Structure formats: C-alpha cells, structure tokens
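The values are calculated or read from the model by the stated rules, or taken from the named source; none is laboratory data. None of the values given here were measured: they were computed from a predicted structure. No Cβ is skipped: glycine too gets one built from the backbone with ideal geometry, and neighbour counts run over all protein chains shown. All accessible areas refer to the heavy atoms of the entire protein, side chains included, with ligands and DNA or RNA removed. Shrake-Rupley method; radii C 1.70, N 1.55, O 1.52, S 1.80 Å.
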Amino acid sequence: MAHPEYRLSAAPDLTGPGPWRLGQNRHGRGVAAVFLPSVELHTHVASRTDQFPMYVMGEAEGFSIDENGKPVLVPVVGGSHFHNAPGAPHAFVPKVGIAKPDNWEIAFIAITPRYLKEDTHRVSDEVRAIYKQVVGQDAPLGV
C-alpha cells in the first residue's frame, strides 16, 4: 500500500479503449495509462510529456526529432524514460527492420500537465516525410 502522499488523487476509470486518465501526481501533472496496438505519430503542442514504458509485445523504438531537427530512434527497454518537449513530434514504433508481430502493442504511463486527448495534434507533412525516411513506412495519419 502506498503512502498517502504518493497516492493518485482520483480512482482510475478503466472503461473504454484508453488512454485512461488516472488522476494527478503530487506535482499536479496528469497521469494516464496508455495502451497502443498501433503507431501514433503526433505532438503535444502545449505540453511537455514524460513517458515510461511498462511493456512491449514485440520490440519497439522511440521516434522523435531532436532540437537540431535530426530524426532520432531510441530502443525502448524496461525502465526507459522518454521526455518530449512541447511541440516535439514523437511515436513508439515497432523496431525498424524487423517484421511487426500481429500482437504488437506498447503500454506506458504518460505524465503531462494537460489532458492528453485535448493536447494531441497532427504533425506536419515535413515530419511525416522524415518519419517515412527513417522508419521506412508511411506515417500513420494519427489524430
């Protein structure tokens, strides 16, 4: 049992397909559980997000674009922490160069000051082109 000062402020609502908002941490940032069976390339224009993968069915990499405009692919491993600055495009993708298993899925905890669904936006055509160049597949349309 967690100490009272570390408990989330609200009981989680786990109905529907997710992401599920689980409440707020002690710093007032929203905490959500996200379960993705497919790639979602997007940006959060107004929020910094921190993502902590819980599990991956298959292998995954984190796609993003660094502050110099260069694409980055980082392996997703247990205990990973992915920090996405406001406006930074990002996605968890099946490991590049390996066939995606039919049951591919990634689950992670997302911490952000805003409600994820309200602050999730499509990326530009330029970002979609960079994604295709690096990942080797068309970027999903996303939101």
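Within the stretch 60-83, one or more residues are open to solvent by 50 Å² or more (accessible area, probe 1.4 Å) and in contact with a helix residue (DSSP H, G or I) (Cβ under 7 Å, 6 or more places away or on another chain). The number of residues in the stretch 54-89 that are in contact with a Gly (Cβ under 7 Å, 6 or more places away or on another chain) and under 17 Å from Val34 (Cβ atoms) comes to 2.
Restricting attention to the stretch 107-143 and to residues that are at pLDDT below 90 and loosely packed, with under 13 Cβ neighbours inside 10 Å, the residue that is nearest to Gly58 (Cα to Cα) turns out to be Leu141. Of the residues making up the stretch 21-58, just one is at pLDDT below 65 and open to solvent by 50 Å² or more (accessible area, probe 1.4 Å), namely Arg21. Selection of the stretch 71-116 for residues being of a type in the set (A, V, I, L, M, F, W, C) and in a loop (DSSP other than H, G, I, E, B) yields Val76, Val77, Ala85, Ala88, Val96, Ile98, Ala99, Trp104, Leu116. The condition of being among the small types (Gly, Ala, Ser) and touching a residue at least 24 places away in the same chain (Cβ under 8 Å) holds for only one of Ala99, Ala139, that being Ala139.
Residue-level check: of (1) of a type in the set (S, T, N, Q); (2) touching a strand residue (DSSP E or B) at 6+ places or on another chain (Cβ under 8 Å); (3) at pLDDT 85 or above; (4) not in a strand (DSSP E or B), Asn68 misses just (2).
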